[in-house]
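Step one of this worksheet: look at the structure below.
The values are calculated or read from the model by the stated rules, or taken from the named source; none is laboratory data. Computed from a prediction, not measured in an experiment: that's the story for all the values here. Quick reminder, even Gly has a Cβ in these numbers, built from the backbone with ideal geometry, and neighbours come from all protein chains shown.
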């Protein structure tokens with residue numbers, strides 16, 4: 001007895017291996033395409049946040065006498081728009097609303113969609129069937145059609161366009177979250193936790209969320225690119241941001257009349273949407289391979 | 001096979017019902033009454049009530065849905081508030097134009113998409129693969145409405161080669177397959193084809209790489225089959241999935257064409273939707289979306305069954 005009591009188990013000191021996120025970070029840093037994409041995104045975001053300090057002019061003040069100036073005109077580095085406002089300034093300010101209405105729906109849908117997906121996947125059974133059948137209904141609509149149907153019915157406005165796009169993305173994220181949760185639920189360590197008396201809340205918090213949120217997050221980042229295009233598309237149609245606010249989709253629309261006189265200036269707002277969207281896409285691709293998520 | 005098709009139809013029925021409920025509720029999502037937008041401001045309360053009763057808006061929602069669904073099943077989608085014409089005839093005319101545009105775009109996208117996909121899959125990690133992969137990333141990242149404007153700037157405004165808007169020279173609402181009308185479809189169709197091109201090339205690249213890595217390909221080569229013979233085997237194996245993706249893309253384009261149709265003033269469903277939204281013509285909005293969504297559901301079903309017929313290895317439970 002005493003011998004046993006005296007025996008101390010000596011655990012050799014283990015050097016902390018690099019954590020999961022640290023190794024993901026290392027892999028990302030070694031991916032030049034993803035890093036350039038991230039750099040572009042950060043640049044656009046920073047410019048949008050610091051717009052009052054960076055932008056050379058007032059985004060709202062124009063002059064009918066000096067409208068539609070070409071690119072490189074003195075005082076108008078990227079030309080002037082149809083109301084004589086400085087394009088560079090409006091493109092910088094435009095990032096604020098465009099990013100907001102593009103990223104917000106994905107963020108909201110990530111929270112709501114993973115909630116629904118994890119719930120349905122963990123509960124399983126009939127509840128799961130019902131929830132997933134309702135979600136199937138939303139998959140009967142192409143994203144663009146669903147977004148336009150909802151904002152068309154709700155009416156124009158920034159808030160309504162965010163609501164519509166959130167509804168577009170919730171089912172897509174919920175489906176991914178449900179699929180991963182259903183896989184995780186039957187794993188041995190979840191069984192073990194359940195047998196050892198952990199309640200559902202603890203199991204979901206510790207074992208399920210930790211494994212589900214990663215892949216769902218990667219999927220959500222790949223939606224930002226789509227969301228940016230759709231959100232600006234709604235504004236382009238007149239269903240989102242209202243004039244005179246600077247927003248890339250809306251600017252592209254109001255400048256359509258200038259395609260014969262100042263084609264380069266008219267194409268600029270769309271080029272910004274393209275640049276942002278492709279950067280998010282490339283960064284998301286890099287993140288996916290760095291996190292080793294298979295899809 | 002027939003059993004599988006029947007099983008899929010049974011599975012799709014509740015989805016179709018759900019779609020009809022969604023489209024019905026869409027009108028009631030709108031702030032106020034569906035009639036508010038078109039009612040004259042000086043209409044008396046009695047006149048408003050009369051109008052509401054005439055359109056059936058005075059009954060409880062589930063009953064309204066039942067009546068609406070019954071009419072829809074008989075092909076009555078109601079009347080356009082703006083034009084007074086039946087919604088079905090308005091949508092029918094527009095669907096034809098959209099279908100032509102989306103089909104041509106899918107065909108262009110499929111041709112180039114499979115080409116890029118095959119090249120990239122065959123020569124993985126080569127410069128050709130990098131170029132093909134970049135094309136597919138560009139295809140899915142580009143805001144197509146902007147691409148449309150850029151195309152108009154280049155080919156209409158600057159070079160003057162092609163007409164910028166419309167479906168034909170006479171401003172008619174109907175596209176016909178002749179040389180003059182062909183010039184009008186080029187710009188919108190090419191613009192639209194960029195999306196399926198990117199997606200199809202991605203799919204085909206993965207498929208081809210996957211098939212080439214399988215043992216039977218090695219066996220074929222070991223047997224002394226020519227590279228052309230091996231290629232034919234790869235095509236046969238990749239075809240069912242590639243064709244399925246093409247079919248689904250047609251559905252996506254048909255439903256998602258509103259932005260491109262608006263840019264090119266193409267007289268299709270997208271253009272119709274745009275008009276319905278801005279005139280707050282809710283029956284027309286509802287009818288158009290219902291038709292497009294049902295078309296998408298039906299197309300999904302057909303693709304699913306055909307794909308299984310072509311390749312019995314795939315069967316969804």
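For the reader, a short list of remarks on this structure follows.
- The set of residues in the range A:39-71 being in contact with a strand residue (DSSP E or B) (Cβ under 7 Å, 6 or more places away or on another chain) and exposed (fewer than 13 other Cβ atoms within 10 Å of the Cβ) consists of A:56 alone.
- Complete set of residues in the range A:72-84 that are under 17 Å from residue A:248 (Cα atoms) and surrounded by fewer than 24 Cβ atoms within 10 Å (Cβ to Cβ): A:78, A:79, A:82, A:83, A:84
- Residue match in the range B:297-315 (condition: over 30 Å from residue B:4 (Cα atoms) and in contact with a helix residue (DSSP H, G or I) (Cβ under 7 Å, 6 or more places away or on another chain)): no
- Among (1) within 14 Å of chain A (Cβ to nearest Cβ); (2) crowded, with 23+ Cβ neighbours inside 10 Å - the single one residue B:130 does not satisfy: (2)
- Matching residues, the range B:250-297, being over 17 Å from residue A:149 (Cα atoms), assigned to a helix (DSSP H, G or I) and more than 10 Å from every other protein chain (Cβ to nearest Cβ): B:250, B:264
- Of the criteria (1) farther than 19 Å from residue B:276 by Cβ; (2) at pLDDT 80 or above, which one residue B:48 fails: (2)
- Within the range A:189-295, helices (runs of 4 or more DSSP H) holding 1 or more residues that are under 14 Å from residue B:146 (Cβ atoms): A:209-237, A:248-254, A:263-290
- Flag for residue A:221 being farther than 25 Å from residue A:146 by Cβ, more than 9 Å from chain B (Cβ to nearest Cβ), surrounded by fewer than 21 Cβ atoms within 10 Å (Cβ to Cβ) and in contact (Cβ under 8 Å) with a residue 40 or more places away in the chain: no
- Considering the range A:256-274, the residues that are at pLDDT 85 or above and more than 9 Å from every other protein chain (Cβ to nearest Cβ) include one that is nearest to the chain's Cα centre (by Cα), namely A:272.
- Test for residue B:238: is it at negative phi and either free of Cβ contacts under 8 Å to residues at least 12 places away in the same chain or within 12 Å of chain A (Cβ to nearest Cβ) (or both): no
- Filtered residues of the range B:175-216 (kept if surrounded by 16 or more Cβ atoms within 10 Å (Cβ to Cβ), farther than 18 Å from residue B:262 by Cα and under 21 Å from the mean Cα position of the chain (by Cα)): B:196, B:197, B:198, B:199, B:200, B:201, B:202, B:203, B:204
- Against the criterion of being in contact (Cβ under 8 Å) with a residue 40 or more places away in the chain, crowded, with 24+ Cβ neighbours inside 10 Å, under 17 Å from the mean Cα position of the chain (by Cα) and under 27 Å from residue A:266 (Cα atoms), residue A:239 does not qualify.
- Looking across the range A:122-171, the residues that are part of a loop (DSSP other than H, G, I, E, B), facing another protein chain (nearest Cβ under 10 Å) and touching a helix residue (DSSP H, G or I) at 6+ places or on another chain (Cβ under 8 Å) come down to A:139, A:140, A:141, A:142.
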